[in-house]
């Protein structure tokens, strides 16, 4: 029965991670509904997030490889052709800083909020409102037109998503659209921005994971759940990309509003 719960949670994590409905918020909601010890397994959450991270890296592998290559090409050879991607990498660094600082300063407060399902309900409604405000914005900026100030503002939006129930992808896309980025440009920047934050979070949890006494059977369960989370994340990311291109964010506006309201009323 626990194995089934782990797999179900892996599917939930994988599906909700890329789309603007908050994966952490949904795990808290299911924790409240199921009242299961499985959902208190922090090691399991690290494994699930790692599965999602791998999926996002695979999805954007071509872009990531090009960014890394051009970054070091410009650093060591000052090749002007590589400057565009060099600058993009700097934008990602700038956009990562706010969440990193706020995450370290308010770590304990954030962890306390992770136990409040009411906070999740309110945050989902806030997400709904933000998505509604940018639902029809198309934007005009391409990759090479993103400024450092744009990256900082988008990074601040990502920092807000440290609150459970505020979608990380949703908040960064909202920030990107407010700053005038095109939909496809906002989509890409949002997920490239996700990689360093997710990687840092995983690395911080590795020590606890290694120190934990985990049986062979549990490791097998973790591994299967990680694979499931990764596969579902990849599929969900591709689906969300199509939604972004079509501009039909209203689906998520309605969903977050309904779920957030139900959580506040009944949980």
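Here are the numbers for this structure:
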| item | result |
| --- | --- |
| Cα-based helix-to-principal-axis angle, 23-34 vs the chain, degrees rounded to 10 | 10 degrees |
| Virtual spin-label span in nm between residue 148 and residue 4, 7 Å along Cα→Cβ | 5.6 nm |
| Nearest-0.05 FRET efficiency for residue 65 and residue 223, computed from C-beta distance (R0 30 Å) | 0.70 |
| Bins of 5 Å from zero: percent of alpha-carbon pairs in the stretch 1-139 | 2, 8, 12, 15, 18, 15, 12, 9, 6, 3, 1, 0 |
| Estimated [θ] at 222 nm from DSSP helical runs (n ≥ 4, -39500 (n - 2.57)) normalised by residues in the chain, nearest 500 | -26500 deg cm²/dmol |
| Between 0 and 90°, nearest 10: helix 117-133 axis offset from the chain longest Cα axis | 30 degrees |
| Angle in degrees between helix 250-266 and the longest Cα principal axis of the chain, rounded to the nearest 10 | 30 degrees |
| Of every Cα-Cα pair in the stretch 78-191, the percent that sits beyond 26 Å | 24 percent |
| Extension gain from residue 79 to residue 43, taking 0.36 nm per residue of separation minus the Cα-Cα distance | 8.6 nm |
| In Å, descending, principal axis extents of the Cα set of the stretch 165-223 | 50, 20, 20 |
| Distance-filtered residues of the stretch 234-267 - backbone nitrogen under 17 Å, label point 7 angstrom along residue 129 Cα→Cβ | 253-265 |
| The stretch 216-267 - convex hull of the alpha-carbon atoms, volume per residue in Å³ | 78 Å³ |
| Stretchable slack from residue 199 to residue 264, in nm (0.36 nm times residue separation minus alpha-carbon distance) | 20.2 nm |
| Fraction of alpha-carbon pairs over 21 Å apart in the stretch 1-70 - percent | 32 percent |
| Rg(Cα) / (2.2 N^0.38 Å) computed for the chain, rounded to two decimals | 1.00 |
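Just so you know, all these numbers are worked out from the coordinates, no wet-lab data involved. Quick caveat: nothing in here was measured; it's all calculated off a predicted structure. For neighbour counting, all protein chains shown are included, and Cβ atoms are generated from backbone atoms with ideal geometry for every residue, glycine included.
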